[in-house]
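*Asks:* Take a look at this one; I'll ask things after.
The values are calculated or read from the model by the stated rules, or taken from the named source; none is laboratory data. Note that the structure is predicted; figures quoted are calculated from it, not measured. We place every Cβ from the backbone using ideal geometry, glycine too, and count neighbours over all the protein chains shown.
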Amino acid sequence: MGKKRVLAFDFGGSSGRAMLARFDGQKIELKEVHRFDNEPVMVHGTLYWDVLRLFHEIKQGIVQANNAGGFDSIGIDTWGVDFGLLSKEGTLLENPVHYRDRRTAGMMDAVCKKIGAERLYQLTGNQLMEINTVFQLYSIVQNRPELLRSAETVLLMPDLFNFMLTGKKYAECSIASTTQLMDPVHQQWNPALMEQLELRPSLFPPIVKSGTVVGTLTEELCRELETEPKTVISVASHDTASAVAAIPAETEDFIFISCGTWSLFGTELPFPIINEKSRRCNLTNEIGYGGTTTFLKNIIGLWLIQETRRQFKRTGKAYSYADMEQMAKASKPFACLIDPDSPVFVQPGDIPGRIRDFCQKTGQYVPRTDGEIVRCIYESIAMKYQYTLEQIQDCTGKAYSCIYMAGGGTKDRLLCQMTASAANRKVIAGPTEATALGNAAVQLIALGLIPDLSEARKKIRNSFEPVAYFPENHALWEQNFEKFRRLLKTEQ
Ligand code: LRH
């Protein structure tokens, strides 16, 4: 087979990329042809996606990829939960709002009061998180009902970009599964739930499977960009689902951590697990490629490191990530721990200050140096991984002997090492470009060039060299784990 090329757009926490994937029948090689900022924009206290600029960047990516040799198809993935509202004419009613915006404050409680937290979990299988689409939409129902009255369609972000490219409106299954409005067993919207929340079911377009060809670039775009009408494929468009598709696992049962701004810690299952135990563990059932369930926990992850770095910078200290790693290594182990997923850490701002408050309120040593803050973050994330691993084993009844870590966060060697030590398991790290690889692999399957997901994983294993980490000093982690468990007494 000659080389085939597909173009994967991945929108991450601070940047977006257009990656040209070349497939020779055995290996998938990636080349970054365009990278751009993906910073949200604050206007009068609301945090927005800069959506038109991003669509402009998609166009630049298409042009660059054509210049770099051309390609057959396009796939887009973004983080979950965010959406745009379209009028009847197909115009955006406003810029999509970023999930870190404050509009969801109090909405989870309001929805749970109406539906019941247990029932909401039973219906959707989703972990309760304030950022979920359902709570974002409910804030509009409560505060701006006129906006919903003039809306004809809700499109999740990758579906919105696909609509801008093709004029076709669909809801791709993996991204729809992050809304908390979908029935994960039948993989269809739940109109009764929508109605109870005063959301018109007709707002939500038909759900399609990951890997569906949604259309081709509009004629207008082809003229503007001087390109042929490329095929647009609705890949596993939730970035987590794309990353999981690229986990180089050889066995059916495996633990993954998709490690970027967030850490998604979980396992792939043939069907959802929705019971009292999984609800109490706040584990989520999302949909992966092929209709699998990705049974996982959203852990705040490296957001804490990224935002702490920004805060240090705001206060005149420009550390690199490598500097922060060194500072953490040089600080005393286990001086203090936080619950990384406490809601106080979700919004941007002074994370170090909030960590000090957290430690004070929980009667612990209050970190004084920057290194102590960073060490506290790393150790707490690694502890949260171990904690989640135990919960998942408990829910699935399976034991897992190693952990696959994938995504950009695997460049963080300290986190990989601590993960192995905390869990007392081998960590297999890589590929760093898991999301773009998973996006490309699903396009290659849709084009008939790879037969199925397990073959795609084989090709991905052929395409990169993993890095292995082994546990060190696990006994010390074990000693401190009880302290961590006590901090998390809200989740059992
Ligand atoms: C990870 C992720 C995650 C959550 C969050 C908003 O990037 O998609 O699954 O939904 O972002």
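*Asks:* Among (1) more than 15 Å from the ligand (Cβ to nearest atom); (2) part of a loop (DSSP other than H, G, I, E, B); (3) not small (Gly, Ala, Ser), there is one condition Arg279 misses while meeting the rest; what is its number?
*Replies:* Condition not satisfied by Arg279: (2).
*Asks:* Just to verify a result, which residue in segment 254-271, among those that are surrounded by fewer than 24 Cβ atoms within 10 Å (Cβ to Cβ) and in contact with a Gly (Cβ under 8 Å, 6 or more places away or on another chain), is farthest from Cys395 (Cα to Cα)?
*Replies:* Among residues in segment 254-271 that are surrounded by fewer than 24 Cβ atoms within 10 Å (Cβ to Cβ) and in contact with a Gly (Cβ under 8 Å, 6 or more places away or on another chain), the one farthest from Cys395 (Cα to Cα) is Thr261.
*Asks:* Taking segment 323-343 as the region of interest, how many residues are of a type in the set (Ser, Thr, Tyr) and in contact (Cβ under 8 Å) with a residue 24 or more places away in the chain?
*Replies:* Matching residues across segment 323-343 total 1.
*Asks:* From (1) closer than 26 Å to Asp341 by Cβ; (2) in a helix (DSSP H, G or I); (3) in the same structural domain as Met327 (by TED's automatic domain parsing), pick out the condition that doesn't hold for Ile460.
*Replies:* Every listed condition holds for Ile460 apart from (1).
*Asks:* Next question, about the same structure. If you check Asp101 against the conditions, is it within 15 Å of the ligand (Cβ to nearest atom) and touching a His at 6+ places or on another chain (Cβ under 8 Å)?
*Replies:* Spelling it out, it is not the case that Asp101 is within 15 Å of the ligand (Cβ to nearest atom) and touching a His at 6+ places or on another chain (Cβ under 8 Å).
*Asks:* Sticking with this one: Take Ser401 and tell me if it is at pLDDT below 95 and in the same structural domain as Pro471 (by TED's automatic domain parsing).
*Replies:* Here the answer is yes, as Ser401 does meet what is asked.
*Asks:* Residue check: is Phe484 aromatic (Phe, Trp, Tyr) and either in contact with a His (Cβ under 9 Å, 6 or more places away or on another chain) or within 30 Å of Arg310 (Cβ to Cβ) (or both)?
*Replies:* Yes; evaluated as a whole, the condition is true for this residue.
*Asks:* Counting only residues that are more than 25 Å from Phe481 (Cα to Cα), in a helix (DSSP H, G or I) and of a type in the set (Gly, Ala, Ser), how many does segment 399-438 have?
*Replies:* Residues in segment 399-438 being more than 25 Å from Phe481 (Cα to Cα), in a helix (DSSP H, G or I) and of a type in the set (Gly, Ala, Ser): 4 in total.
*Asks:* What pairs come up if the first residue lies in segment 221-247 and is without any contact (Cβ under 8 Å) to a residue 24 or more places away in the chain, the second is assigned to a loop (DSSP other than H, G, I, E, B) and surrounded by fewer than 19 Cβ atoms within 10 Å (Cβ to Cβ), and their beta carbons are under 8 Å apart, counting only those six or more places apart or on different chains?
*Replies:* Correct list of pairs: Cys222/Glu228; Cys222/Pro229.
*Asks:* Mind checking whether some residue in segment 462-474 is touching a Phe, Trp or Tyr at 6+ places or on another chain (Cβ under 8 Å) and touching a residue at least 12 places away in the same chain (Cβ under 8 Å)?
*Replies:* Checking segment 462-474: not a single residue is touching a Phe, Trp or Tyr at 6+ places or on another chain (Cβ under 8 Å) and touching a residue at least 12 places away in the same chain (Cβ under 8 Å).
*Asks:* Based on what the data block shows, is Glu307 modelled with pLDDT of 95 or more, out of contact with any strand residue (DSSP E or B) (no Cβ under 9 Å at 6 or more places or on another chain) and within 15 Å of the ligand (Cβ to nearest atom)?
*Replies:* Considered against the rule, which asks whether it is modelled with pLDDT of 95 or more, out of contact with any strand residue (DSSP E or B) (no Cβ under 9 Å at 6 or more places or on another chain) and within 15 Å of the ligand (Cβ to nearest atom), Glu307 comes out as yes.
*Asks:* Might you let me know whether segment 113-128 holds any residue that is in contact with a Cys (Cβ under 7 Å, 6 or more places away or on another chain) and either surrounded by 21 or more Cβ atoms within 10 Å (Cβ to Cβ) or within 20 Å of Gln142 (Cβ to Cβ) (or both)?
*Replies:* yes
*Asks:* Residues being charged (D, E, K, R) and within 16 Å of the ligand (Cβ to nearest atom): count how many of those fall in segment 46-87.
*Replies:* Looking only at that region, the number is 2.
*Asks:* Grab the strands (runs of 3 or more DSSP E) fully contained in segment 185-265, keeping just those with 2 or more residues being within 16 Å of the ligand (Cβ to nearest atom).
*Replies:* Answer list for segment 185-265: 255-259.
*Asks:* Any idea which of Ile175, Ile207 is crowded, with 19+ Cβ neighbours inside 10 Å, among the hydrophobic types (A, V, I, L, M, F, W, C), touching a strand residue (DSSP E or B) at 6+ places or on another chain (Cβ under 8 Å) and more than 20 Å from Phe9 (Cβ to Cβ)?
*Replies:* When all the criteria are applied, what remains is Ile207.
*Asks:* Which residue is nearest to Val81 (Cα to Cα), if the candidates are limited to segment 282-336 and must be hydroxyl-bearing (Ser, Thr, Tyr) and out of contact with any Leu (no Cβ under 8 Å at 6 or more places or on another chain)?
*Replies:* Thr308
*Asks:* Write out, first by first residue and then by second, each pair whose Cβ atoms fall under 9 Å of each other, whose residues are 6+ apart or on separate chains, and whose first residue, in segment 191-208, is of a type in the set (Gly, Ala, Ser) while the second is assigned to a strand (DSSP E or B).
*Replies:* So the pair list comes out as Ser202/Thr153.
*Asks:* Could you please find all residues in segment 12-34 being touching a helix residue (DSSP H, G or I) at 6+ places or on another chain (Cβ under 8 Å) and either within 20 Å of Val81 (Cβ to Cβ) or within 16 Å of the ligand (Cβ to nearest atom) (or both)?
*Replies:* If the condition is that a residue be touching a helix residue (DSSP H, G or I) at 6+ places or on another chain (Cβ under 8 Å) and either within 20 Å of Val81 (Cβ to Cβ) or within 16 Å of the ligand (Cβ to nearest atom) (or both), then Gly12, Gly13, Ser14, Gly16, Arg17 are the ones that fit.
*Asks:* Only residues in segment 73-86 that are outside the structural domain of Gly16 (by TED's automatic domain parsing) count as the first member; pair them with residues that are near the ligand (Cβ under 9 Å from one of its atoms), Cβ under 9 angstrom, at least 6 apart or cross-chain, and list the lot.
*Replies:* Within 9 Å, no pair qualifies.
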